[in-house]
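Okay, so here's the structure we're looking at.
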There are 2 protein chains.
Amino acid sequence: MKIDEIKIADLKPEKFIKDKIGEISNIVGDSIAVNALSGGVDSSAVTMLAHKALANRLKTYFIDNGLMRADEPQRVVSLFKKMGVPVELVDAREQFFNALKGIKDPEEKREAITQAFYKDVFGKLVKKSGARYLLHGTNLTDVEETIAGVKRQHNILEQLGIDTQEEYGYKVIEPLIQLRKSAIRKVAKDLGLPEEIYNRPPFPGPALSARVIGEVTPERVETVRKATKIVEEELRNTIAFQYLAILHDDKVTGVRGGKRDFGFQIEVRCWESKDAVVASPTRLSYDILERLADRITKEVPGVVSVTYNITKKPPSTIEAV
Amino acid sequence: MKIDEIKIADLKPEKFIKDKIGEISNIVGDSIAVNALSGGVDSSAVTMLAHKALANRLKTYFIDNGLMRADEPQRVVSLFKKMGVPVELVDAREQFFNALKGIKDPEEKREAITQAFYKDVFGKLVKKSGARYLLHGTNLTDVEETIAGVKRQHNILEQLGIDTQEEYGYKVIEPLIQLRKSAIRKVAKDLGLPEEIYNRPPFPGPALSARVIGEVTPERVETVRKATKIVEEELRNTIAFQYLAILHDDKVTGVRGGKRDFGFQIEVRCWESKDAVVASPTRLSYDILERLADRITKEVPGVVSVTYNITKKPPSTIEAV
């Protein structure tokens, strides 16, 4: 299938939005459609487009996998509620942590999350909803990376455990497939979404599980969640490309109240980059670095040591796992 | 036993040296004595004092445990040779790596090294040498920390597996027991030892094994040895209290030649401190930090990521394990 790219220079957001609302409306008709919202710019734009096209014939789920940042599920759901878009918050934390139990290998962790999401949680919701249409925020880069073999293929129905042959009639709608990220940000802005959505810094699909080296448990996610909150608070004004906290599996020696305290280490990364292809560490002042270390060791239980990554990409990557 | 401290203000190095040479000479008489040299300031001062007292009736061993820094055993031995002090270099790398095989716990690693040194390697050398006198660089802080329970007790004969009751006649001579480190540095300087000995920055007893998180293998020690060499070269002029490289057990994602490369991470620490009780990270420039990261990722095989520790002590400690 050849996809005609709409370049950002050629994009007329108003016309694009009007066209897509018309298309979605025509395809779904009087039926109902379903989608999953994560709070990222792609799924947020799709939710808003489909809401404008279908109103209460759209069923949107926000799946809380237990791996989100502090208060993120509640914040995203209430943000859409304020805009008149009903979103059902699904507590699936137990399913995800069960799927992740005992897994240390990064690839296996990703696979466990994908399986839990598509097969175990969202797949069941789609079937239960009775919807025959599924909206998905696939963008042009996703398609290209799938073809290049960089990303897992996004044949969404197959991933949902739905045999398209057998259950004929299911249809996937991908309204953003002609756009790249920067164009989607423009559309999202024009759709009336707030800046925290249309300018949201990149955040990995597997969420905080990508920020935990070693096993992903509720306790370990809570540790990196607290550190992430501090890093985001302290570095928000740096206008850096991306900033993040990573919980290491290695333990290191520390001392508290004069006593030896074998504890956790948090690694902070803050990147200067245009495109994430090459990147270098932001030259943060030592006042900021020491405040980060002080706050993280004081406010995050069990952490005795904080490092700052000083490597360029390449040979480093933006994320650690 | 009450030990009379000689405070640095009261120390007359020349007189101290003359007195100790006389004492050692009187005690050992026509017998032979034995000692182990590590290249640290304590064992170097003892070697020099005993050499001046006993000449060829002193047998000095340098035990290469495979955990030293690049070329350290050869450099120390040839340095003493140039000063006319014969030192026998004992290759015990296999014994130490065998003792360390499979051990990840820091306390167990320390214990394995202690056992390998005292029981397996040096203990046997002492017995074989026929010496009835053993010289040891115990200082006043060692004694106090032993009494306080901070350090392992240093009853040296017991650690050598020598029952003092049964093998009556063994005698330990501790010529530095009235001094603390700063006084020993003064004595070492007056003994004619070079600055790289009398001003040597602190280096842990278990050597590079203290700089490896996880299992200590010849390959992993070689990795941290190469990183240590770069860190010492680049940070020598910072006049920081101490600087070091740590090899993590955690692996992180990197990219080389456009391909994913799951590799090692090195953590650099550089400390400002007067007494090692409290310390803070040196505010190294980003030019230095980036050069460290560039050199380590280019020159040390397998390393894709370098961090700089930004935590104060407390809650951190100087070393990681």
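The values are calculated or read from the model by the stated rules, or taken from the named source; none is laboratory data. Quick caveat: nothing in here was measured; it's all calculated off a predicted structure. In this analysis, Cβ positions are derived from the backbone assuming ideal geometry, glycine residues included, and neighbour counts consider all displayed protein chains. These accessible areas exclude ligands, DNA and RNA; they are computed on the full protein's heavy atoms, side chains included. Shrake-Rupley method; radii C 1.70, N 1.55, O 1.52, S 1.80 Å.
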Handout entry: Which numbered condition B:Lys151 fails, given (1) at pLDDT below 85; (2) touching a helix residue (DSSP H, G or I) at 6+ places or on another chain (Cβ under 6 Å); (3) open to solvent by less than 80 Å² (accessible area, probe 1.4 Å); (4) of a type in the set (D, E, K, R)
Key = (3)
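Here is a yes/no grid of residues against (1) on the phi > 0 side of the Ramachandran plot; (2) of a type outside the set (Gly, Ala, Ser):
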| residue | (1), (2) |
| --- | --- |
| B:Pro175 | no, yes |
| B:Leu179 | no, yes |
| B:Ile184 | no, yes |
| B:Ala188 | no, no |
| B:Gly192 | yes, no |
| B:Ile197 | no, yes |
| B:Pro202 | no, yes |
| B:Pro206 | no, yes |
Practice task
Give me the pairs, please: first residue somewhere in region B:213-227 and within 15 Å of B:Ile296 (Cβ to Cβ) and within 14 Å of another protein chain (Cβ to nearest Cβ), second residue anywhere and modelled with pLDDT of 95 or more and in a helix (DSSP H, G or I), beta-carbon distance under 6 Å, and either six or more positions apart or on two chains.
Solution key: B:Val224/B:Leu208; B:Val224/B:Arg211; B:Ala227/B:Ile296
Handout entry: In region B:204-242, the residues that are hydroxyl-bearing (Ser, Thr, Tyr) and more than 21 Å from B:Ala279 (Cα to Cα)
Key = B:Ser209, B:Thr217, B:Thr223
Practice task
For region B:228-258, name all the residues that are in a strand (DSSP E or B), surrounded by 15 or more Cβ atoms within 10 Å (Cβ to Cβ) and either within 13 Å of chain A (Cβ to nearest Cβ) or of a type in the set (Asp, Glu) (or both).
Solution key: B:Leu244, B:Ala245, B:Ile246, B:Leu247, B:His248, B:Asp249, B:Asp250, B:Lys251, B:Val252, B:Thr253, B:Gly254, B:Val255
Fill in the blank from the handout: Note on region A:285-321: residues open to solvent by 10 Å² or more (accessible area, probe 1.4 Å), aliphatic (A, V, I, L, M) and either modelled with pLDDT under 95 or closer than 25 Å to B:Val304 by Cβ (or both) are A:Ile318, A:Val321
Exercise for the section: Starting from residues that are in a loop (DSSP other than H, G, I, E, B) and surrounded by fewer than 18 Cβ atoms within 10 Å (Cβ to Cβ), keep the ones in region A:181-202 and report whichever is nearest to the other protein chains (Cβ to nearest Cβ). Expected result: A:Pro202
Practice task
Return the residue satisfying two criteria in turn: it lies in region A:106-125 and is at pLDDT below 90 and more than 17 Å from A:Glu94 (Cα to Cα), and of such residues it is least open to solvent (accessible area, probe 1.4 Å).
Solution key: A:Pro106
Fill in the blank from the handout: A:Leu37 passes all but one of the listed conditions (1) of a type outside the set (S, T, N, Q); (2) closer than 14 Å to A:Val76 by Cβ; (3) open to solvent by 10 Å² or more (accessible area, probe 1.4 Å); the exception is number (3)
Exercise for the section: Mind listing just one residue for me: the one in region B:261-276 that is charged (D, E, K, R) and more than 8 Å from chain A (Cβ to nearest Cβ) and, of those, nearest to B:Val304 (Cα to Cα)? Expected result: B:Arg269
Completion exercise
Taking region B:113-133 and keeping only residues that are out of contact with any Phe, Trp or Tyr (no Cβ under 7 Å at 6 or more places or on another chain) and not in a helix (DSSP H, G or I), one is left with B:Gly130, B:Ala131, B:Tyr133
Exercise for the section: With respect to A:Ala92, determine if the residue is under 22 Å from A:Lys20 (Cβ atoms), in contact with a strand residue (DSSP E or B) (Cβ under 8 Å, 6 or more places away or on another chain), among the small types (Gly, Ala, Ser) and at pLDDT 95 or above. Expected result: no
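Quick grid of which residues meet (1) touching a strand residue (DSSP E or B) at 6+ places or on another chain (Cβ under 7 Å); (2) small (Gly, Ala, Ser):
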site	(1), (2)
B:Ala245	yes, yes
B:Gly258	no, yes
B:Cys270	yes, no
B:Lys274	no, no
B:Pro301	no, no
Exercise for the section: Residue by residue through region B:49-60, note down the ones that are open to solvent by less than 10 Å² (accessible area, probe 1.4 Å) and part of a helix (DSSP H, G or I). Expected result: B:Leu49, B:Ala50, B:Leu54
Problem - region B:27-37: number of residues that are at pLDDT below 95 and under 17 Å from the mean Cα position of the chain (by Cα) - result: 0
Handout entry: Checklist (1) small (Gly, Ala, Ser); (2) open to solvent by 30 Å² or more (accessible area, probe 1.4 Å); (3) in a helix (DSSP H, G or I) applied to A:Gly102, failing item
Key = (3)
Exercise for the section: Please work out which residue is farthest from A:Leu247 (Cα to Cα), limiting yourself to region B:229-282 and to residues that are among the polar types (S, T, N, Q) and at pLDDT 95 or above. Expected result: B:Thr282
Practice task
Tell me, yes or no, whether region A:16-32 has at least one residue that is open to solvent by 50 Å² or more (accessible area, probe 1.4 Å), within 23 Å of A:Ala183 (Cα to Cα) and free of Cβ contacts under 8 Å to residues at least 60 places away in the same chain.
Solution key: yes
Practice task
Go through region B:277-312 and give me each residue that's at the interface with another protein chain (Cβ under 7 Å from one of its Cβ atoms) and in a strand (DSSP E or B).
Solution key: B:Val304, B:Ser305, B:Val306, B:Thr307, B:Tyr308, B:Asn309
